[in-house]
Amino acid sequence: MQVVTDFSHVRLRDRPLVVCDIDEVVLEFLSPFTDFLRSHNYDLLPRSFRLHGNIVSLLDGSEMDRDSFSSFQDEFFASQNLWQKPAERAIETLHALAEDADIVFLTAMPPRHQAIRRALLDEVGLDFAMIASEEAKGPIVAKLHARRALPVAFIDDIQRNLLSVAENVPECFLISMMANADFRQFAPPPVGAIVSASGWDQAGLLLKKHFAGG
Ligand SMILES: [Mg+2]
C-alpha cells in the first residue's frame, strides 16, 4: 500500500524501535473526553467498546448524533492541552525504554491538530518524534521500519490498528494496552500474536524481554 504521510522528520538509530499510539496509550483520552463532554452537558457511558452511541445528553438522555460527535471530537482535539494528561507511568517507562530503543509516536488524530499535541507532549517531557496520520497504521510502520534486522514493537488500544501492523510487519511485537479501565473491560480479546498489557509497567517489562531475545 502506498503511504503518503510524510515522516521525513523521523530519524532512527541502529537499535530497536517502539512505535506507540497516543490516545489511551501515552495520553489519557476517554477520561478527559468524558470530562470535556460533561462540561457541555453530555456524558460518555461505558456500555460497550465504542464512543458514538454511548454519548448521551445530561439534559434529556438523548444520544448524540454523528455530526455533533464529529464536531465535539474536533473541538476536544483543538483544546486537548487543557484536558489530556499522560497515562499512568507512561513518562518514566518511555524514558527508560529510550535508553536502548527509539520511540516514535503514531497517532491517528487529524494532522491539523498536530502542533497542539506536539506542544502538550513536549511540555510533559515526551519529546519523542510523532507522526499524525489518518492512513492505516500497518503500512506506515512497515515504511518506517523498512525491514531492518532490528526488533520492532507496536503498542495500541485498537485491535484494528494492531492487526494492520501484524499484516504489514509480521515480525513486529504487538502489545494491546488501554489506559481507561471502564472501557478496557469491553475491548475485544487479543487475537493472534497480540499480547495484552495491563499498563506501562507490564508493557515495559514485555518490551525489555522481547528486545533481549526472550
Ligand atoms: Mg488509541
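Can I get the semi-axes of the stretch 30-82's equivalent ellipsoid? Compute them from the C-alpha gyration tensor as square roots of 5 times the eigenvalues, in angstrom, largest first.
Semi-axes, largest first: 16, 12, 11 Å.
Simple spin-label model, 7 Å along Cα-to-Cβ: GLU88 to GLN114 in nm?
Taking the simple label geometry, GLU88 and GLN114 are separated by 3.4 nm.
Could you tell me how far the Cα centroid of the stretch 19-92 sits from the Cα centroid of the stretch 162-186, in Å?
Each part's Cα centre sits 20 Å from the other's.
For the stretch 64-148, what value does the Rg/Rh ratio take when both radii are computed over Cα atoms and Rh is the Kirkwood radius, given to two decimals?
Result: Rg/Rh = 1.02.
Does anyone have the angle between helix 114-123 and the longest principal axis of the chain? Alpha-carbon axes, 0 to 90°, nearest 10?
70
Using the Kirkwood formula over every pair of different C-alpha atoms, what hydrodynamic radius in Å results for the chain?
Every distinct Cα pair counted, the radius reaches 17.8 Å.
Run through the DSSP bridge list for the stretch 1-116 and note the antiparallel percent, rounded to the nearest 5.
That works out to approximately 50 percent antiparallel.
Measure nothing but the geometry: give the 0 to 90° angle between the long axis through the Cα atoms of 159-168 and the longest principal axis through the Cα atoms of the chain, rounded to 10°.
With rounding to tens, the tilt is 30 degrees.
Magnitude of the Cβ-charge dipole of the stretch 1-124, K/R +1 and D/E -1, about the Cα centre, nearest 20 debye?
160
Looking at the chain, send over the antiparallel percent of its DSSP beta bridges, to the nearest 5.
20
Can you tell me, using C-alpha contacts under 8 Å and at least 6 residues apart, the relative contact order of the chain as a whole percent?
Reported relative contact order: 27 percent.
For the stretch 128-214, state which trypsin sites (Lys or Arg not before Pro) are in a DSSP loop and have at most 14 other beta carbons lying within 10 Å of their beta carbon.
Listed in order of number, the matching sites are ARG147, ARG148.
If I take every Cα pair under 8 Å that is 6 or more residues apart in the stretch 30-82, average their sequence separation and divide by the length, what percent do I get for the relative contact order?
With pairs under 8 Å counted, the relative contact order is 25 percent.
Among SER57, LEU163, ALA119, flag the residue with its Cα farthest along the positive direction of the charge dipole of the chain, charges on Cβ as +1 for Lys/Arg and -1 for Asp/Glu.
Value computed over the given set: LEU163.
If you average 1/r over all unlike Cα pairs in the stretch 1-44 and invert the result, what Kirkwood radius do you get in angstrom?
13.9
Do any trypsin sites (Lys or Arg not before Pro) in the stretch 1-59 lie in a loop, going by DSSP, with at most 10 other beta-carbon atoms within 10 Å of their beta carbon, and if so which?
ARG11, ARG13, ARG50
Under a Cβ-only charge scheme (Lys and Arg +1, Asp and Glu -1), can you give me the dipole magnitude of the stretch 82-145 about the Cα centre, in debye to the nearest 20?
Here the stretch 82-145 has a charge dipole of around 340 debye.
Would you compute, from DSSP H runs of 4+ residues alone, the mean residue ellipticity of the chain at 222 nm, taking -39500 (n - 2.57) per run and dividing by the full residue count, rounded to the nearest 500?
My calculation for the chain gives -10000 deg cm²/dmol from helical runs alone.
Under Stokes-Einstein, with the Kirkwood radius over Cα pairs standing in for Rh, what whole-number D in µm²/s applies to the stretch 104-214 at 37 °C and 0.692 mPa s?
D, rounded to a whole number, is 219 µm²/s.
Where a number appears in this text, it was derived from the coordinates with a stated rule and is not lab data. Note that this is a predicted model, so its numbers are computed, not measured. Heads up, the Cβs are rebuilt from the backbone with ideal geometry, glycines too, and the neighbour counts pull from every protein chain shown.
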